[in-house]
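Computed from the coordinates by the stated procedures, all read-outs in this text should not be read as laboratory data. Computed from a predicted model, the values in this text were never measured in an experiment. Cβ sites come from the backbone with ideal geometry, for glycine too, and all protein chains shown count toward neighbours.
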Amino acid sequence: MTRHFITIEQQSTSDLDSIYDLACSAFDDETLKGQGVALVFERPSLRTRASSSTAVHELGGYATFFSDEEIGLGSRESAEDVGRTLAEMYSIAALRVRDHEVFGRIRRATAERMSLVNLLSDAAHPTQAVADVLTIAEHFAKGDVNGLAGLDVAYLGDATNVTRSLAVALLRLGVNVTVGAPAGYQLSEVGPESPSAVTDGGTLRLTESAEEAVKDVDVVYTDAWISMGYEDETAQRRIDLASFRVDGDLMKLAKKEAVLLHCLPAHRGDEITDAVLDGAQSLVWRQVFHRRSAMRGVLRWIKEEKP
Ligand code: CP
Ligand code: NVA
């Protein structure tokens, strides 16, 4: 069966275990030898494009990049026809899309002939979540992702695509997740990559108080207040989210040895201060490092010999 990586929620526990394992274990350049991977970006990217391209190269393949201007998903051509075309040339397509439903449309149009990887949609950012789990495990459990149960992670600010995948991934590993966000920006429990789909694992708590969210936690995580596509709401979002800025005072409420994560790009002075992002508690550059590990894990899992 063709393997896809579209949300964390849709992966079985054993698939996720394999991905975490394959992300950090020894690899060679035979996995994708001579094979192309299509990288489609409907939105801007630095880390995701860089980590995808380098991971494909490390595994012996080559990446072809397609921008929104070239492809015009849904304007120049339908998502279905883009999928059908790519499936004639590639066995894997990794896409950053505006609308999560594009994945289902391409799967149906190509009759599951081509593996799809979600490089961020409006609903989920699962390759980021794999990198986040690897980063937290490296810091707190010598790399053992199954040694994280009982840890407390707080996410602050706008509950985004990043928040959803992060929450699902952590809850499934027994980590307790608190999301501190104002009304209107809180984690929604409906739709794809839903944290409420995790019935066995850590506990999920939602609060409107930034201080309550970070109290005594091990990890503080934040993301943009103005995600791609929400630029028109910039002024209002800055007002609504102002008390969720991660600054030194807020970090002091977390555990003394707590760490700070951010998926980047950072909007210094909005969701986070320079002092915290550049401070000793910040693990953001290990997160960036693990974006490539995560992508390797996903690609190796897709190509893995199935039992
Ligand atoms: N974190 C992340 O996905 O970064 P880019 O948008 O730069 O790829
Ligand atoms: N929530 C952000 C993540 C960027 C990596 C966005 O969707 O723009």
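Between rounded, prolate and oblate, where does the stretch 212-307 land on the alpha carbon gyration tensor, with a ≥ b ≥ c its root eigenvalues, rounded for a/c under 1.5, else prolate if a/b exceeds b/c? It comes out oblate by the Cα gyration axes. Calculated mean residue ellipticity, 222 nm, the chain: -11000 deg cm²/dmol, from DSSP H runs (n ≥ 4) at -39500 (n - 2.57) each, averaged per residue and rounded to 500. The stretch between Thr85 and Glu257 holds 56.9 nm of extra length on full extension. This uses 0.36 nm per residue minus the Cα-Cα distance. The HN-Hα couplings worked out from phi for the stretch 107-123 by the Karplus form 6.51 cos²θ - 1.76 cosθ + 1.60 (θ = phi - 60°) are 4, 5, 5, 9, 6, 6, 6, 10, 6, 10, 10, 8, 9, 2, 9, 5, 9 Hz, whole numbers, x standing for Gly and Pro. Computed about the Cα centre, the dipole magnitude for the stretch 38-100 is approximately 280 debye when only Lys and Arg (+1) and Asp and Glu (-1) carry charge, each at its Cβ. Its relative contact order, with pairs defined as Cα atoms under 8 Å and 6+ residues apart, puts the chain at 20 percent.
Pairs of Lys residues in the chain, spaced 8 or more positions apart or belonging to different chains, with C-alpha separations under 13 angstrom: 4 in total. What list of ³J(HN,Hα) values in whole Hz, one per residue of the stretch 77-85 in order, does the Karplus curve 6.51 cos²θ - 1.76 cosθ + 1.60 (θ = phi - 60°) give from phi, with Gly and Pro shown as x? Once θ is set to phi - 60°, the couplings for the stretch 77-85 become 7, 6, 4, 4, 6, 4, x, 4, 5 Hz. Ordering Met251, Met89 by the number of other Cβ atoms within 10 Å of each residue's own Cβ, fewest first, gives Met89, Met251. Here the Karplus curve 6.51 cos²θ - 1.76 cosθ + 1.60, taken at θ = phi - 60°, turns the phi angles of the stretch 36-42 into couplings of x, 10, 7, 10, 10, 10, 7 Hz, with x standing for Gly and Pro.
For the stretch 1-70, the gyration tensor built on C-alpha atoms gives an oblate shape. Its axis ratio a/c (a ≥ b ≥ c) is at least 1.5, and a/b is not larger than b/c. Between the amide H of Leu206 and those of Val179, distances stay under 5 Å, these residues lying 5 or more places away or on another chain, with hydrogens modeled in the peptide plane. I need the calculated FRET efficiency for the pair Arg76 and Thr2, taking r as the beta carbon distance and R₀ as 41 Å, to the nearest 0.05. That pair, Arg76 with Thr2, gives E of 0.95.
Annotation: extensible slack from Phe65 through Leu206 equals 46.9 nm (criterion: 0.36 nm per residue apart, minus Cα-Cα distance).
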